[in-house]
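Participant: Submitted below is the structure of interest, expressed as structure tokens.
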Amino acid sequence: MSMFSKFTAFLHQAAEVTSQVLAPQVSKHEDFEAHWRAITDIMSIDNDADVTINSTGVGTRLNEMMDILCREEEERNPRDPGTMGPCMEFVLRHKILDTLYTMGKSDYPSGMSHQVLVFFTVTLGRIERPILHHVSIHQPILKQVDNCGLKLSKKLSADEVQFIQTLCVRLQRDCKLADFFIKEEGSKKQFVIADALLRLVHSEDNVVVMKAYECLLTCVSLQHTTITEALAAGQLPVHLASQLQYHVQLIPTSTHIAVVLDCQAGWGIDYATRRHTVDHSPATHGLWHVEAFLSWLDFCEQIVGVSQEILANVVCFTIHEMLLSVSLLHRLIKPSEESILVSTAVLAKSVQTLNCRKLLEEFVVFILRDRCDPRAKSDSPLLVDILISRIDHNNHEICQVTLQLFDVLLSSPLSCVLQELFLSHWSPVVTQPTCNSTLTCIMANTSPTNSNSIASSTTYTDSTPVTAHTSPSKTPSTLTFISEENLSPVKKELEEQMKEYLSLLPESLLSCEQVSGSLGLEQYLFEAHQQVAHCRATSASLSASTQDSTSSSESPSFPQSPAHPLAEGPFLTALLNKLECLLDQPYEANLLLTSVLSRLACFSHPMIDWLYSTHSKHRARNVYSILIKLSSELQANAERSPGLVLNIVEARRRLSGLATSDLLSMPHNDLLEGAIVLEELTKELSSIFYAKATTALLMLPPPDL
């Protein structure tokens, strides 16, 4: 600033101070106008290029103006919310925001951009009266939004994102005001606030980035059709998918699968802090990148959850195309075992983490129905076929992580999982229903309003298997209780069915009671009731879909003898083959295998009932027949090795974290631990059957999931 300019500014400030001391008390309106005129006078002076806003006094005067506007707002008449005060009317009449925008855009004097953004933010945040519909307000604010994120100055970006955040809060209260921030170029509409935020997310300041994404979340939640269409056609879906793609590609293939499967992360994690506290040891190698991916997945899920259908569909489709069909698929089908391990673990963790049904469907459809390569021939194997083949992989870790994936798939609320994996290979024989089972007869005689629930639980006897007829148009809406006179035979049949599984192993080979003092059935029963209740909604939809292929007077039935075995399908074949090797496999693989089999047993469907049936006529090769063979094999081993039973007890003590005897040698750990898994599986399955049957007795409608 030249000496003359400094002297002029000094005289001007001195004159203002003198006038304030000598002049009589003025109103807020007059004071407001005086500050504005002083600002325009100061800005009209030809100053040097390096002059700052503090040396001119403009910042102080703008702060005074903001204070006056806020005091005027506080003193407004609550009975007349739409009336403007004289100061705000002065702002509108003289287009003060337009002038301030011009000053801020040029950032002259230096620091003016910051001061203007603060003024805009305070005006939007503190003035409750409706002001955005005035053209002299929304036009300069639109220009200011359009200017945000262009320079990405660290200090300025913080002001810009705070300004936009305040504007988004205003739009949340009245989404019709968003019309003022939609621009049209050609035939294409743009929501300028979202465009500015997508620029600000590239800031070097993590706080700015987080605030920008939170503002985007607010934008997509606006119930405004034009905005939704603009966002769907804009860069937001591609940006979200590309971030997921970027972070999944950063996960090292050397990351241990336990790091992926045990990781707990959600949106908002402090990456700047976490980056310096992980990845310094082999046990946590790759953890930061897994957290980053899961955090982004959580944010995308929130976006899909709050947005309207058109935008949600585009986001899901884009994630499917960019993340699943490109990045993850490439890793899943690579010959590298490390790549297979990590990518399968990431897929399993994603399915386990997702709660949004629409986004979860994309992952499930990708696993079960997509072809490995869109350019491949129509007879190329499905991804699910490749995954099923890995259930019996030579690498035990690949086997385990694949079983983990199918376990979380079966725990999802989507009926297509069971249909694609299991039921699609069932070719039912159509027969007339008969009532030879006590439980089935009672269910068949209940109210037709509960037909879907009735079909979800079926019991087989030594005669023809029976499925109660259902109608897909009926929905369970009332509680139907079985009469007291029929309850006793039902309980008897139930007890016999449970006894078959509980008596698979002789008491001499049972180790749980010897170690813990009890059979441990209580916990299994509690968990079984929870899992069965969770599966009932899916079972109801499966019952309805099954009946679509049959006439109203016919119901599907299974082959009545081993001479006509049920088509197992690749998934069931893989599970049963794996079960046959239970006594020769690592403990961890057996735990996951039995978890899948137990979860499968929780569903109510005739084919599943057949799979676990204890009746010899319908056994062929099913779970029960294999467990009988395993029991016989274990008994034969016990006869050959008299010390086997003691070693099984000691193995259980070791697995329970208890001290073991040093006097006993414990060879064949797979056999010992397999015997323990076999014992626990019989108890778990019997508890599930009890839970399914007792739930069916009450005919409870499926819970809301």
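The values are calculated or read from the model by the stated rules, or taken from the named source; none is laboratory data. Bear in mind that the values here come from a model prediction, so they are computed numbers and not experimental data. All Cβ positions, even for glycine, are placed from backbone atoms using ideal geometry, and neighbour counts span all protein chains on display. Quick note on the areas: whole protein, heavy atoms, side chains included, nothing else; ligands and nucleic acids left out. Shrake-Rupley method; radii C 1.70, N 1.55, O 1.52, S 1.80 Å.
Participant: Any residue at all in the stretch 190-209 that is assigned to a helix (DSSP H, G or I) and free of Cβ contacts under 8 Å to residues at least 24 places away in the same chain? I'd like the intermediate steps shown before the answer.
Facilitator: Step one: filter the stretch 190-209 for residues assigned to a helix (DSSP H, G or I), giving 192-200, 206-209.
Next, from what is left, pick out any that are free of Cβ contacts under 8 Å to residues at least 24 places away in the same chain: 209.
Checked the stretch 190-209: at least one residue is assigned to a helix (DSSP H, G or I) and free of Cβ contacts under 8 Å to residues at least 24 places away in the same chain.
Participant: Among residues belonging to the stretch 589-629 that are open to solvent by 50 Å² or more (accessible area, probe 1.4 Å) and among the aliphatic types (A, V, I, L, M), point out the one that is farthest from the chain's Cα centre (by Cα).
Facilitator: Looking at residues that are open to solvent by 50 Å² or more (accessible area, probe 1.4 Å) and among the aliphatic types (A, V, I, L, M), I get 628.
Participant: Now, a different point. Collect the residues in the stretch 198-215 that are under 23 Å from residue 310 (Cα atoms) and either over 24 Å from the mean Cα position of the chain (by Cα) or open to solvent by 50 Å² or more (accessible area, probe 1.4 Å) (or both), keeping them in residue-number order. Quick ask: steps written out before the conclusion?
Facilitator: The initial filter retains those residues of the stretch 198-215 that are under 23 Å from residue 310 (Cα atoms), namely 198, 212-215.
Scanning the stretch 198-215 gives a single hit, 214.
Participant: Tally up the residues in the stretch 615-629 that are touching a helix residue (DSSP H, G or I) at 6+ places or on another chain (Cβ under 8 Å) and at pLDDT below 85, please.
Facilitator: Looking only at the stretch 615-629, we keep the residues that are touching a helix residue (DSSP H, G or I) at 6+ places or on another chain (Cβ under 8 Å), and these are 618-619, 621-624, 626-627, 629.
Filter again for at pLDDT below 85, leaving 618-619.
Selection size over the stretch 615-629: 2.
Participant: Then there is this: If residue 123 meets every condition in (1) at pLDDT below 95; (2) polar (S, T, N, Q); (3) farther than 30 Å from residue 78 by Cα apart from one, which number is that one?
Facilitator: Condition (3) is where residue 123 drops out.
Participant: Look through 39, 68 and report the one residue that is in contact with a Cys (Cβ under 6 Å, 6 or more places away or on another chain) and over 23 Å from residue 179 (Cβ atoms). Explain how you work it out, then say what you get.
Facilitator: On the way: 39 fails: in contact with a Cys (Cβ under 6 Å, 6 or more places away or on another chain).
The match here is 68.
Yes/no matrix, rows are residues, columns are (1) part of a helix (DSSP H, G or I); (2) in contact with a Gly (Cβ under 6 Å, 6 or more places away or on another chain); (3) surrounded by 19 or more Cβ atoms within 10 Å (Cβ to Cβ); (4) free of Cβ contacts under 8 Å to residues at least 60 places away in the same chain:
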residue: 300; (1), (2), (3), (4): yes, no, yes, no
residue: 305; (1), (2), (3), (4): yes, no, no, yes
residue: 310; (1), (2), (3), (4): yes, no, no, no
residue: 314; (1), (2), (3), (4): yes, no, yes, no
residue: 323; (1), (2), (3), (4): yes, no, yes, no
residue: 326; (1), (2), (3), (4): yes, no, no, no
residue: 331; (1), (2), (3), (4): yes, no, yes, no
residue: 334; (1), (2), (3), (4): no, no, no, yes
residue: 342; (1), (2), (3), (4): yes, no, yes, no
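Participant: While we're on this one: Does any residue of the stretch 436-447 turn out to be at pLDDT 50 or above and of a type in the set (A, V, I, L, M, F, W, C)? Even if it seems obvious, please write down each step before you answer.
Facilitator: As a first pass, look at the stretch 436-447 and keep what is at pLDDT 50 or above: none.
Looking for residues that are at pLDDT 50 or above and of a type in the set (A, V, I, L, M, F, W, C), one finds none in the stretch 436-447, hence no.
Participant: Suppose the filter is at pLDDT 90 or above and surrounded by fewer than 19 Cβ atoms within 10 Å (Cβ to Cβ); does residue 675 pass it?
Facilitator: Details: at pLDDT 90 or above: yes; surrounded by fewer than 19 Cβ atoms within 10 Å (Cβ to Cβ): no.
It is false that residue 675 is at pLDDT 90 or above and surrounded by fewer than 19 Cβ atoms within 10 Å (Cβ to Cβ).
Participant: OK, next. Taking the criterion of being modelled with pLDDT under 85, more than 24 Å from residue 496 (Cα to Cα) and not polar (S, T, N, Q), would at least one residue in the stretch 582-605 satisfy it?
Facilitator: No, every residue in the stretch 582-605 fails to be modelled with pLDDT under 85, more than 24 Å from residue 496 (Cα to Cα) and not polar (S, T, N, Q).
Participant: Same structure again: I'd like to check which helices (runs of 4 or more DSSP H) are fully inside the stretch 68-187 and have at least 2 residues that are surrounded by 15 or more Cβ atoms within 10 Å (Cβ to Cβ) and of a type in the set (Gly, Ala, Ser). Write out each step before concluding.
Facilitator: On the way: elements: 86-93, 96-106, 112-126, 135-147, 154-173.
It comes to 112-126, 154-173.
Participant: If you check 226, 218, which single one turns out to be touching a strand residue (DSSP E or B) at 6+ places or on another chain (Cβ under 8 Å), open to solvent by less than 60 Å² (accessible area, probe 1.4 Å) and part of a helix (DSSP H, G or I)? I'd like the intermediate steps shown before the answer.
Facilitator: On the way: 218 fails: touching a strand residue (DSSP E or B) at 6+ places or on another chain (Cβ under 8 Å).
Being touching a strand residue (DSSP E or B) at 6+ places or on another chain (Cβ under 8 Å), open to solvent by less than 60 Å² (accessible area, probe 1.4 Å) and part of a helix (DSSP H, G or I) holds for just one of 226, 218, which is 226.
Participant: Just one of the numbered conditions (1) closer than 23 Å to residue 499 by Cα; (2) under 41 Å from the mean Cα position of the chain (by Cα) is not true of residue 632; which one?
Facilitator: (2)
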